[in-house]
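None of the figures in this text is laboratory data; all of them are computed from the coordinates on show. Please read these numbers as outputs of a predicted model, since none were measured by experiment. Counting neighbours? That spans all protein chains shown, and the Cβs are built from the backbone with ideal geometry, glycine included.
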Amino acid sequence: MALSVGSKKIKTAVFISGTGSNLKSLIKFSKLKKSPISINLIVSNNPKSKGLKYGKRFKIKSKFFNYKKKSIAEKKIILELKKNKINFICLAGFMKILSKNFIKSFKGKILNIHPSLLPRFKGLNTHERVIKNNETYSGCTVHFVNSKLDSGKIILQKKVKINKNDTPRTLSKKILIQEHKLYPKAILKIFNL
Ligand code: GRF
């Protein structure tokens, strides 16, 4: 991979659309000495993302991009990434699909977290579908992003047991706790740390 860890941390952008709990855990991780990344930009397609508050709290530049026209939004995002010398992207609950060209221009440098044991249950409403299917386990996956949704190379996964009385909500809570640990671990893993 064209990523290297020198004495400086790799400038990273986190893309969000909602609550931003993974963003928060990534920010905390990035501040540790052992972290190969620093978080220098937060990108949101939603001006009301709760996660934007972490930008303020941790003094990280945060930007909203209007996605009415995806091609324009992506052009603006790429300009902003360049301006801030961003070299690594973590998608964390980002609800927009990046174009093939965007992904190409950051090949091997975009990660995503998905709340299922991929390749099972790609896409939206994961927990609802998992529970309807009477699964006994679900979990979360950190993977590289390629041009197919939730299909890039898997970096790490964590299994989570489903109880009989779990609802999509309780399952989502349980899995989120694991997500917050898994994302930093996956980052350490790809940098061989
Ligand atoms: C997480 O479950 C993540 O796996 C999925 O979207 C959710 C985002 O949660 N892609 P948060 O905004 O990080 O709290």
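Under 19 Å from a point placed 7 Å out from the Cα of Lys189 along the Cα-to-Cβ direction: which residues of segment 94-113 have their backbone N that close? Within reach of a label on Lys189, which here means backbone N under 19 Å from a point 7 Å along Cα→Cβ, segment 94-113 contributes 108-113.
With a ≥ b ≥ c taken as the square roots of the eigenvalues of the C-alpha gyration tensor of the chain, please select rounded if a/c is under 1.5 and otherwise prolate if a/b is larger than b/c or oblate if it is not? Numbers along the way, then the final one.
Values: a/c = 1.59, a/b = 1.41, b/c = 1.13.
Prolate is the answer for the chain, as a/c is 1.5 or above and a/b outweighs b/c.
If only the Cβ of Lys and Arg carry +1 and only the Cβ of Asp and Glu carry -1, the dipole of segment 10-190 around its Cα centre is close to 600 debye. Among 59-66, 78-85, sorting by the average number of other beta carbon atoms lying within 10 angstrom of each residue, highest first, gives 59-66, 78-85. Structure note, pairs Lys50/Lys153; Lys56/Lys85; Lys24/Lys148; Lys132/Lys174; Lys161/Lys181: Cα-Cα distances above 25 angstrom occur for Lys50/Lys153; Lys24/Lys148. Set Lys and Arg Cβ to +1 and Asp and Glu Cβ to -1, take the dipole of segment 10-190 about its Cα centre, and tell me which of Ile27, Val130, Ser172 lies farthest positive. Projecting each Cα onto the dipole axis, the largest value belongs to Ile27. Across segment 10-190, Cα pairs under 8 Å and at least six residues apart give a relative contact order of 20 percent.
Kindly state, to the nearest 0.05, the FRET efficiency for Asn84 paired with Ser151, given R0 = 25 Å and r defined as their beta-carbon distance. Present the calculation step by step, with values, prior to reporting the outcome.
Details: r = 28 Å, r/R0 = 1.13.
E(calc), rounded to 0.05, equals 0.30.
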